[in-house]
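Below is one structure, written out as structure tokens; comments come after it.
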Amino acid sequence: MPTALVTGGTGYVGLRLARNLQKHGYTVRLFDIRAPPPLEPSNPAHDGRDEHYEAVVPAGVQLILGDIRKLADVEAACADVD
């Protein structure tokens with residue numbers, strides 16, 4: 001199974017892309033500087049405009065926290081990615 005790396009993986013687009021890649025048979029690794037925000041009614045990241053958006057890392061997806069400006073973090077995230 002190929003492995004895909006999604007940078008900015010804990011944002012709206014990154015999480016949607018991760019779910020889509022999983023559906024198509026990819027092993028997915030997310031790379032971001034921050035963890036996804038918790039889902040709470042007061043959280044502006046989930047204001048009800050998209051009921052399909054969940055700001056959680058999907059099961060089976062690896063999350064690597066790091067800074068894309070740091071070469072060592074990027075190299076670690078890219079290890080064994082197709």
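A few points about this structure:
- Length added when fully stretched, Lys70-Lys23, from 0.36 nm per residue minus Cα-Cα: 13.8 nm
- A simple rule links phi to the HN-Hα coupling: the Karplus curve 6.51 cos²θ - 1.76 cosθ + 1.60 with θ = phi - 60°, which for region 18-26 gives 4, 5, 5, 4, 4, 4, 9, x, 8 Hz, with x for Gly and Pro.
- Under 10 Å, Cβ to Cβ, from Leu65 - net charge with Lys/Arg +1 and Asp/Glu -1: -2
- Nonlocal amide H pairs with Val28, under 5 Å, H built at 1.01 Å: Ala4, Gln62
- Whole-Hz couplings from phi, Karplus 6.51/-1.76/1.60, listed for region 65-76; x for Gly and Pro: 8, x, 10, 5, 7, 10, 4, 4, 5, 5, 4, 5
Computed from the coordinates by the stated procedures, all read-outs in this text should not be read as laboratory data. Here the structure is a predicted model, which means the values were calculated and not measured. Here the Cβ is made from the backbone with ideal geometry for all residues, glycine too, and neighbour counts use every protein chain on show.
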